[in-house]
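Undergrad: Before I ask anything, here is the structure I am working with.
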Amino acid sequence: MIDNIGDIADYYNSDPERENSRLERHQLEFDLTWRYLAEYLPSQGRILEIGAATGRYTLELAKRGYTITAVDMSENLLEIGRKRIADEGLAKQVHFVLGDARDLKEVTDKGFDAVLLMGPLYHLVEEADRKAALKEAFNRLRKGGILSTSFISRFGIMGDLIRNVPEWIENEAEVQGILEIGENPDHIPGSGFRGYFAKITEIAALHETIGFETITLAGIEPGISSEDGDASYNKLQGLQRQRWLDLFYKISTEPSIIGASRHILYIGRKK
């Protein structure tokens, strides 16, 4: 392992409800991701979820009958996940593991039907570390098993930046770092969110060098702005909400849409 990412664990341990509330705000991201998972996951089986956080996806997987090994590097996030699963009476279906996506020595099982790696890759700023995490996932999948990963878009984040930190544009070195290499080269570990922001042109190739066959790449917040898009979608109900979700799903793989989405979802298969 190249990079010491203990500061990322500290970031999540310091406020474990942050990720929980993020998915509550970004409901389209959650709903559209589930649309893809429902389409490509096997109808039953064993799932390895790396970066399980507070168990938002873990709980839904357990409710649908899957057996899950849920891994995260934040003990505080896992504790919320354990309680959430226990409260629903599903503890027998989920095994929680404290671990690093780049070195899953604590996960000795092999032959999982699917791996969800939705989060860790956008905290690994070194390409070698991203490849290491993908190799760990590859080695624990059965032949033909499904992989789902997520990335933060290098250019899709601009709407959030201009809204929340407009002064960001005044730091020329940081702006150039994000545009050219997908990270802030002067970022000090431990000073907050530290991540890697990907271009859509690199994502499939990264997985394919490990041995995955690409199935699809999608923008999972397509066609909405960071200013009010989340709130506008969140207030929809019933059939109207379903029809908007259907439309977003239909356009989510349009190339002009993918890079503009804040988050990008990759679905692949172990050859």
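Every number in this text was worked out from the coordinates using simple rules, so none of it is lab data. Values in this document were obtained by computation on a predicted structure and should not be read as measured data. Virtual Cβ from ideal backbone geometry, glycine too; neighbours counted across all protein chains shown.
Undergrad: Of the lysine pairs in the range 79-169, how many meet both conditions: Cα atoms under 27 Å apart, and a spacing of 8 or more in sequence or different chains?
TA: Taking the Cα cut-off of 27 Å, the pair count is 14.
Undergrad: Right, here's the next one. Go through Tyr40, Pro185, Ile152 and say which Cα lies farthest out towards the positive end of the charge dipole of the chain; charges sit on Cβ, +1 for Lys and Arg, -1 for Asp and Glu.
TA: Towards the positive end, the residue furthest out is Tyr40.
Undergrad: Can you list residues whose amide H is under 5 Å from Gly119's amide H, if they're 5+ apart or on another chain and H is modeled 1.01 Å from N?
TA: Ser150
Undergrad: Two decimals, Cα atoms only, Kirkwood Rh: what is Rg/Rh over the range 218-260? Walk me through the numbers before you get to the answer.
TA: Details: Rg = 10.4 Å, Rh = 10.7 Å.
We get a ratio of 0.98 for the range 218-260.
Undergrad: With only Lys, Arg, Asp and Glu charged, each at its Cβ (+1 for the first two, -1 for the last two), find how big the charge dipole of the range 6-270 is about the Cα centre; round to the nearest 20 debye.
TA: On the way: 32 positive and 42 negative charges, 294 e Å.
Value, rounded to 20: 1420 debye.
Undergrad: Within the chain, what's the longest stretch lacking GluC sites (Glu not before Pro) that sit in DSSP loops with no more than 15 other Cβ atoms inside 10 Å?
TA: Answer - 127-226.
Undergrad: Next up: Among Ile267, Ile200, Ala52, whose Cα projects farthest towards the positive end of the dipole of the range 6-270, with charges put on the beta-carbon of Lys, Arg (+1) and Asp, Glu (-1)?
TA: Final value for the positive-end residue is Ile267.
Undergrad: Which value, in Å to one decimal place, does the Kirkwood hydrodynamic radius take for the chain when every pair of different Cα atoms is included?
TA: Details: mean 1/r = 0.0527 Å⁻¹.
The Cα-based Kirkwood calculation yields 19.0 Å.
Undergrad: Starting from the Cα of Lys199, step 7 Å along the direction of its Cβ; do the same at Glu213; then give the gap between the two resulting points in nm.
TA: It is 2.8 nm.
Undergrad: Can you work out the Karplus-derived ³J(HN,Hα) for every residue in the range 19-34? Use 6.51 cos²θ - 1.76 cosθ + 1.60 with θ = phi - 60°, whole Hz, and x for glycine or proline.
TA: 5, 4, 5, 4, 5, 5, 6, 9, 6, 5, 4, 5, 5, 6, 4, 5
Undergrad: Restricting to DSSP loop positions (anything but H, G, I, E, B) with no more than 14 other Cβ atoms inside 10 Å of their own Cβ, which chymotrypsin sites (Phe, Trp or Tyr not before Pro) remain in the range 36-91? It would help to have the intermediate numbers written out before the result.
TA: Details: sites: Tyr36, Tyr40, Tyr57, Tyr66; in loops: Tyr66.
Taking the range 36-91 and a limit of 14 other Cβ atoms within 10 Å, no loop chymotrypsin sites (Phe, Trp or Tyr not before Pro) are found.
Undergrad: Related question: Averaging sequence separations of C-alpha pairs under 8 Å and six or more residues apart, then dividing by the length of the chain, give the relative contact order as a whole percent. Let's see the in-between values first.
TA: On the way: 493 pairs, mean separation 59.4, N = 271.
22 percent.
Undergrad: Here is a further query. Counting each pair of different Cα atoms once, what's the Kirkwood radius of the range 122-176 in Å, rounded to one decimal? Present the calculation step by step, with values, prior to reporting the outcome.
TA: On the way: mean 1/r = 0.0712 Å⁻¹.
The Cα-based Kirkwood calculation yields 14.1 Å.
Undergrad: Work out, step by step, the length gained on full extension between Glu75 and Ser21: first 0.36 nm times the residue separation, then minus their alpha carbon distance; give nm to one decimal. Spell out each step's value before the answer.
TA: On the way: separation 54, 0.36 × 54 = 19.44 nm, distance 1.77 nm.
Length gained between Glu75 and Ser21: 17.7 nm.
Undergrad: State the dimensionless ratio Rg/Rh of the range 136-271 (Rg: radius of gyration of Cα atoms; Rh: Kirkwood radius). Mind dumping the intermediate values first?
TA: Details: Rg = 17.0 Å, Rh = 16.7 Å.
That ratio equals 1.02.
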